[in-house]
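**Q** This is the structure I want to talk about, given as structure tokens.
The values are calculated or read from the model by the stated rules, or taken from the named source; none is laboratory data. This one's a predicted model, so the numbers in the text were calculated from it and none came from an experiment. Methodologically, a virtual Cβ is constructed for each residue, glycine included, from the backbone with ideal geometry; neighbour enumeration extends over all protein chains shown.
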Amino acid sequence: MDQYAEVLCAYNDLTATQISFQLNRKEYLPFDGWAEGNNPFWWKAYNKVKHQRLKDENYKQGNLKNVFTSLAGLYVLNRFCFRMVKQSHLELSPNPQSQLFAIVGWNVCVPIGGGYYRVIQDDGSMSVEYE
């Protein structure tokens, strides 16, 4: 994980990226504090469950909080990857959109046909843009 930290922690404020959980509207930071030599808490828990399950009752770290936060981290990485490979000036959204997560501060762009997109800003305002 340290080799990934070397590259990803400096990339576009990845460690400061906030996720909004759509069911409770709370915000989470899945990569908060991640740096070389300091892995995310859910990654440490995963490794303890994987490699030392019975030592110090590490199996208890296989809990919903750690699974949830790791899934939020996966969502962040997928969205950053999508952002890198897209060929658009718009912040295109995956289709279908996630019903669980959204990245705070990123617009949602939904195709409406003919090269037009409905753009929903983080504050809820909308506009239509042409690609």
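**Q** The conditions are (1) surrounded by 17 or more Cβ atoms within 10 Å (Cβ to Cβ); (2) at positive phi, and G124 fails exactly one of them. Which is it?
**A** Among (1) surrounded by 17 or more Cβ atoms within 10 Å (Cβ to Cβ); (2) at positive phi, the lone unmet condition for G124 is (1).
**Q** Any residue in region 1-30 that is under 18 Å from A45 (Cα atoms) sitting within a Cβ distance under 6 Å of a residue that is among the polar types (S, T, N, Q) and in a helix (DSSP H, G or I)? List the pairs, counting only those 6 or more apart or interchain.
**A** Taking only residues 6 or more apart or on different chains, the pairs are P30/T69.
**Q** Restricting attention to region 97-122, report how many residues are free of Cβ contacts under 8 Å to residues at least 24 places away in the same chain, part of a loop (DSSP other than H, G, I, E, B) and under 21 Å from A72 (Cα atoms).
**A** Qualifying residue count, region 97-122: 4.
**Q** For region 21-78, give me each residue that is in a helix (DSSP H, G or I), farther than 28 Å from Q97 by Cβ and in contact with an Asp or Glu (Cβ under 9 Å, 6 or more places away or on another chain).
**A** K48
**Q** Let me ask something else. Among the candidates L90, L29, which residue alone is modelled with pLDDT of 90 or more, out of contact with any Gly (no Cβ under 8 Å at 6 or more places or on another chain) and not basic (K, R)? If you could, list the steps in order and put the result at the bottom.
**A** Working: L90 fails: modelled with pLDDT of 90 or more.
Checking each option against the conditions leaves just L29.
**Q** Still on this structure: Please go through region 10-20 and give me each residue that is assigned to a helix (DSSP H, G or I) and either surrounded by fewer than 18 Cβ atoms within 10 Å (Cβ to Cβ) or touching a strand residue (DSSP E or B) at 6+ places or on another chain (Cβ under 6 Å) (or both), ordered by number.
**A** Just the residues of region 10-20 that are assigned to a helix (DSSP H, G or I), to begin with: 14-16.
Matches in region 10-20: A16 only.
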